Amino acid sequence: EAQDCGTCPTFGACCTDAHFVNVHITRLEAIAIQETLNQLSESAKQAVYERISDAIKKYNLKADGDTFAQTYACPLFEPKSGCLVHNEAKPAPCIQHACYKRAEDLPPQCLQDNAERKIERLNQNLYGDDWRWLPLPIQLTVSS
């Protein structure tokens with residue numbers, strides 16, 4: 001059984017662990033996240049985009065090479081409120097990798113694989129070959 005993020009003894013630990021987070025998203029997911037962020041006040045939105053830019057620099061994130069080896073703290077995590085896109089545009093890997101008390105309670109990997117294949121088909125239908133999986137901070141800066 002997955003733990004509710006609100007009951008976590010270290011709120012946001014999974015999102016802010018720079019040695020763990022390597023969430024990749026597609027162009028379509030980036031646009032959904034950007035639309036969700038557009039609902040924030042201008043100052044809040046600016047703060048998030050500054051965190052995105054800072055994450056790219058701090059963790060030396062790149063759009064090429066073995067991007068899945070790159071890790072970072074998620075810039076979409078707000079210390080006081082949690083994930084800024086939790087209800088509207090949370091990426092599939094974030095949904096799949098919730099906190100579980102026991103490893104054997106983790107959902108089967110095939111569920112995430114199926115969700116990601118559906119996302120890939122949507123991207124292919126919308127953008128043809130003009131998209132790829134990229135680290136979340138990078139994708140948010142190159143997609144619009």
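The values are calculated or read from the model by the stated rules, or taken from the named source; none is laboratory data. Note that the structure is a prediction, hence the values are computed from the model and not measured. Cβ atoms come from the backbone with ideal geometry, glycine included; neighbour counts cover every protein chain shown. In case anyone asks, the SASA skips ligands and DNA or RNA and just uses the protein heavy atoms, side chains included. Shrake-Rupley method; radii C 1.70, N 1.55, O 1.52, S 1.80 Å.
Quick look at the values:
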{"item": "Residue that is among the aliphatic types (A, V, I, L, M) and closer than 20 Å to residue 8 by Cα, where the choices are 37, 134, 76", "result": "76"}
{"item": "Of all residues making up segment 77-107, the number that are in a loop (DSSP other than H, G, I, E, B) and modelled with pLDDT of 80 or more", "result": "11"}
{"item": "Residue in segment 39-50 that is in contact (Cβ under 8 Å) with a residue 40 or more places away in the chain and under 26 Å from residue 7 (Cα atoms) present", "result": "yes"}
{"item": "From 38, 22, 87, residue being closer than 19 Å to residue 141 by Cβ and open to solvent by 70 Å² or more (accessible area, probe 1.4 Å)", "result": "38"}
{"item": "Meets criteria (of a type in the set (Asp, Glu), within 24 Å of residue 16 (Cβ to Cβ), open to solvent by 40 Å² or more (accessible area, probe 1.4 Å) and within 16 Å of the chain's Cα centre (by Cα)) for residue 105", "result": "no"}
{"item": "Filter pass, residue 53 being open to solvent by 40 Å² or more (accessible area, probe 1.4 Å), over 13 Å from residue 77 (Cα atoms) and either aromatic (Phe, Trp, Tyr) or without any contact (Cβ under 8 Å) to a residue 40 or more places away in the chain (or both)", "result": "no"}
{"item": "Residue match in segment 109-118 (condition: open to solvent by less than 70 Å² (accessible area, probe 1.4 Å), closer than 14 Å to residue 23 by Cα and assigned to a loop (DSSP other than H, G, I, E, B))", "result": "no"}
{"item": "Verdict on residue 121 being surrounded by fewer than 17 Cβ atoms within 10 Å (Cβ to Cβ) and under 13 Å from residue 28 (Cβ atoms)", "result": "yes"}
